[in-house]
Amino acid sequence: MPDFAYIARSHTGERVEGVLAAGTQREALAALAAKDLFPVEVKSAGGATKQTGGRKVRPQAMSQFYTQLAALLRSGVPLLRSLDVLREQATNPALAEIAGDLHARVTEGDSLAEAMARHPRAFNDLSRSIVRAGGEGGFLEEALERVAKFTDQQAELKSRVLGALAYPIFLAVFGVSIVTILVIFFVPRFEELFARLRARGELPIMTDWLLWVSDSIGKYGIWIALAVAAIVLLLRAKLQTPEGRWFMDRTRLHLPQAGLIYRNFAVARFCRVLGTLLAGGVPIVRSLKISSDSTGNLVLAKAINDAADNITSGESLAAPLAASGHFPPNVVEMVAVAEQSNTLETVLTDIADSLEKETWRRLDLFVRLLEPVMLLLLASCVLVIVVALLLPMLKSAMTI
């Protein structure tokens, strides 16, 4: 949100100056009226939302921040004093800066959610919406605990995915490196040895092809690398356009096996975010708009936003999700039943837990199958190089 500098008068006539974050000037005027201030002048401060010095706070640190703030508030410590305590004991410089700014903003009269909006890299839409609902509903401590729990769950999920894929990625990098070293440094040593066989036309095709590849990489390796880098940059720029992102996100959903794992994780994340928001008292339409971004996929986000529009028109959530074809039938069925029984927030959390467990089993099996396949590919590449180099020698020995 942009910042608005204001000059106002209190009900006693005292002059008050400050800066507040609001979507528009009209919202800024409404915020001043809510604080019993009479605006004299309100204008844009010419600054965007503060970005905490461009530094990003780790999810673990943010989870601890939410937990500690909730514990202090639950113990009866006032909000301003709690923020001051967190600022003093923070070991992370960025987090200490954030806590100090939150303290300053709340002192000026902003709500905690409004102060958090100035730090979008630390507090996402999910956390701000739940904290806003908790502040307005009088259950701020519970709202902070919900945000802390969700932050921990998402950090653990990301860590487990990266851990599961670490070994296959290592195998891929190691395999490419080994093959590249063999082709660039080992194969050229046989060039002179096979020169006479090539002159007589007796060099096997496989060996001739291998020597040609090695020679081309040796002579034009830099240009090949530059061309590959240029193609990668062009593709990356293309994929960052709306059309490119849509194509990539749609392709991810239809990849064999990997697409199913990707979709299930995205749907589980959506269900967990939506359930957390609804349990935190955020209205369902607003919750759907926020949770659509949590999928990280434009195709799924569009289906969720369409569902939000349907709810605004008085329809159910399950029908448009089923019509999109991107949500598992069992998930849609459970959502439909939960809507009828008015237990949507609880069922969504159960769906997320169930989907994650099922997807973890699939991911584990996928990785177990991927590892031997990659080892087989690496061994095949090395075998082709060795056979290509041994063929001429075997052919010469048989001729003798």
Candidate set: the range 31-89, residues that are farther than 30 Å from Glu14 by Cα and at pLDDT below 80; chosen: the one surrounded by the most Cβ atoms within 10 Å (Cβ to Cβ) | Thr52
Ile205 more than 28 Å from Leu363 (Cα to Cα), touching a residue at least 12 places away in the same chain (Cβ under 8 Å) and either out of contact with any helix residue (DSSP H, G or I) (no Cβ under 9 Å at 6 or more places or on another chain) or outside the structural domain of Leu274 (by TED's automatic domain parsing) (or both) = no
Taking Leu140, is it within 19 Å of Met393 (Cα to Cα), out of contact with any His (no Cβ under 6 Å at 6 or more places or on another chain) and either modelled with pLDDT of 85 or more or surrounded by 14 or more Cβ atoms within 10 Å (Cβ to Cβ) (or both)?
-> no
Of the residues in the range 90-108, those that are surrounded by fewer than 17 Cβ atoms within 10 Å (Cβ to Cβ) and in contact with a Lys or Arg (Cβ under 6 Å, 6 or more places away or on another chain) number 2
Has the range 334-349 got any residue that is charged (D, E, K, R) and closer than 19 Å to Val285 by Cβ?
-> yes
Positions within the range 288-306 being within 21 Å of Ile130 (Cα to Cα) and either within 18 Å of the chain's Cα centre (by Cα) or hydrophobic (A, V, I, L, M, F, W, C) (or both), in sequence order | Leu288, Lys289, Ile290, Ser291, Ser292, Asp293, Ser294, Thr295, Gly296, Ala301, Ile304
For Pro392, work out the one condition from (1) touching a Pro at 6+ places or on another chain (Cβ under 7 Å); (2) at pLDDT 85 or above it doesn't fulfil.
-> (2)
Is there a residue being of a type in the set (A, V, I, L, M, F, W, C) and either within 30 Å of Leu171 (Cβ to Cβ) or not in a helix (DSSP H, G or I) (or both) anywhere in the range 330-352?
-> no
Can you tell me which of Ser111, Ser127 is touching a residue at least 24 places away in the same chain (Cβ under 8 Å), of a type in the set (Ser, Thr, Tyr) and surrounded by 21 or more Cβ atoms within 10 Å (Cβ to Cβ)?
-> Ser127
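Condition check: in contact (Cβ under 8 Å) with a residue 12 or more places away in the chain and over 21 Å from Val387 (Cβ atoms). Does Arg236 satisfy that?
no
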Tally of residues being assigned to a loop (DSSP other than H, G, I, E, B) and either at pLDDT 65 or above or surrounded by 14 or more Cβ atoms within 10 Å (Cβ to Cβ) (or both) across the range 12-23 | 3
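Conditions tested, residue by residue: (1) over 23 Å from Ala279 (Cα atoms); (2) of a type outside the set (A, V, I, L, M, F, W, C); (3) more than 27 Å from the chain's Cα centre (by Cα); (4) in a helix (DSSP H, G or I).
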residue: Thr67; (1), (2), (3), (4): no, yes, no, yes
residue: Thr91; (1), (2), (3), (4): yes, yes, no, no
residue: His119; (1), (2), (3), (4): yes, yes, no, no
residue: Ala122; (1), (2), (3), (4): no, no, no, no
Give me the pairs: first residue in the range 135-147 and free of Cβ contacts under 8 Å to residues at least 60 places away in the same chain, second residue hydroxyl-bearing (Ser, Thr, Tyr) and not in a helix (DSSP H, G or I), beta-carbon distance under 7 Å, and six or more apart or on different chains, which are they?
-> Gly135/Ser111
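The values are calculated or read from the model by the stated rules, or taken from the named source; none is laboratory data. All values derive from a computational prediction rather than experimental measurement. Heads up, the Cβs are rebuilt from the backbone with ideal geometry, glycines too, and the neighbour counts pull from every protein chain shown.
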